[in-house]
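Note sheet for the following structure.
The values are calculated or read from the model by the stated rules, or taken from the named source; none is laboratory data. Please read all numbers here as calculations on a predicted model, not as lab measurements. Heads up, the Cβs are rebuilt from the backbone with ideal geometry, glycines too, and the neighbour counts pull from every protein chain shown.
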Amino acid sequence: MHKLEQITDRIRKAFDARTTARDHALALARQLTRACSLAIRAVHREEADTMNAHLQEARQLANTLRNSLTSYPDLFYAGYTQDALKEFVEANVTCALIRNEPLQTPEELVVEPSTYLNGLAEVVGELRRRSLDILRHGYSPEVERLLGIMDDIYSIMVTMDYPDAITNGLRRQTDLARGIIEKTRGDITFSLRGEHLAQAISRLSDQLNSSQADGQEGKG
């Protein structure tokens, strides 16, 4: 009986340590997700210094999260951990693409390939958001650049024809991305047509004004 108590005491201590590690990882994951969200908000607002500060904070949190779970690989690959690292990928890739800067690789971000791809898939939504912000002020060639990037991301994702157990549910993200891209394409087309219509009306108005001016001069 004494030996059984020793065994269960060791088990209890192991469980206590795992629980502490899990709670710490959850707290770090929440902080990481928040820092990433703030970085994305800053890039949409074109606040470069704020964006860089939040990205730096996010990198430090991601490193701490990874290091804290070195002894617990199962916790590292748990959903909440990888979801937070997916947000880390999304923030870095979104900021780079919007600012037309080089992308960081999975190795540079120190994330799993599936986590990188799922983060990349969510970037499509942020590029749509950026496109709509631009279109509110009228058509711009910048939205064509962003749409091209969205198409490139989808083209890559659709070739990743592997089981969900390998890609961690990438197929569903791919389907969502396709819908987002088609909506954005429609919005851009509508805006471009409106721009062309406005230009045509302006030209017609100028012609009418010119004809009226010529008529007035003729009467004089």
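Any residue in segment 115-135 that is under 10 Å from LEU146 (Cα atoms) sitting within a Cβ distance under 8 Å of a residue that is part of a helix (DSSP H, G or I) and among the basic types (Lys, Arg)? List the pairs, counting only those 6 or more apart or interchain.
ARG128/LYS183
Could you please give the count of residues in segment 61-71 that are more than 19 Å from the chain's Cα centre (by Cα) and either crowded, with 16+ Cβ neighbours inside 10 Å or assigned to a helix (DSSP H, G or I) (or both)?
7
When you look at GLU90, is it closer than 29 Å to THR184 by Cα, part of a helix (DSSP H, G or I) and not assigned by TED's automatic domain parsing to the domain that holds THR20, yes or no? Lay out the reasoning, then the answer.
Values: closer than 29 Å to THR184 by Cα: yes; part of a helix (DSSP H, G or I): yes; not assigned by TED's automatic domain parsing to the domain that holds THR20: no.
No, not satisfied.
Scan segment 105-124 for residues that are surrounded by fewer than 17 Cβ atoms within 10 Å (Cβ to Cβ) and not charged (D, E, K, R) and report the count.
Here the count works out to 4.
Taking the condition modelled with pLDDT of 95 or more, within 14 Å of the chain's Cα centre (by Cα) and within 27 Å of ILE153 (Cα to Cα), does GLU57 pass?
Details: modelled with pLDDT of 95 or more: yes; within 14 Å of the chain's Cα centre (by Cα): no; within 27 Å of ILE153 (Cα to Cα): yes.
Taking the combined requirement at face value, the residue does not satisfy it.
Any chance you could count how many residues in segment 133-148 are closer than 16 Å to ARG99 by Cα and either touching an Asp or Glu at 6+ places or on another chain (Cβ under 7 Å) or polar (S, T, N, Q) (or both)?
Looking only at segment 133-148, we keep the residues that are closer than 16 Å to ARG99 by Cα, and these are 133-134, 140-148.
Now restrict to residues that are either touching an Asp or Glu at 6+ places or on another chain (Cβ under 7 Å) or polar (S, T, N, Q) (or both): 134, 140.
Result for segment 133-148: 2.
Among ASP74, ASP83, which is in a helix (DSSP H, G or I) and surrounded by fewer than 13 Cβ atoms within 10 Å (Cβ to Cβ)? Please lay out each step first, then the result.
Numbers: ASP83 fails: surrounded by fewer than 13 Cβ atoms within 10 Å (Cβ to Cβ).
Unique residue meeting the criteria: ASP74.
Can you name the residue in segment 71-99 that is out of contact with any helix residue (DSSP H, G or I) (no Cβ under 8 Å at 6 or more places or on another chain) and farther than 16 Å from THR33 by Cβ and is also modelled with the highest pLDDT among such residues?
The qualifying residue modelled with the highest pLDDT is ALA96.
Cβ-Cβ below 7 Å, separation at least six or inter-chain, first residue in segment 19-42 and in the same structural domain as ALA53 (by TED's automatic domain parsing), second aromatic (Phe, Trp, Tyr) and crowded, with 22+ Cβ neighbours inside 10 Å: which pairs?
Final answer for the pair search is LEU32/PHE88; CYS36/PHE88.
In segment 137-160, which residues are at pLDDT below 90 and either exposed (fewer than 12 other Cβ atoms within 10 Å of the Cβ) or not polar (S, T, N, Q) (or both)? Show your work before the answer.
Taking segment 137-160 first, the residues at pLDDT below 90 are 137-141.
Result: HIS137, GLY138, TYR139, PRO141.
What number goes with the only condition from (1) over 19 Å from GLY79 (Cβ atoms); (2) out of contact with any Gly (no Cβ under 7 Å at 6 or more places or on another chain) that LEU120 does not pass?
LEU120 satisfies every listed condition except (1).
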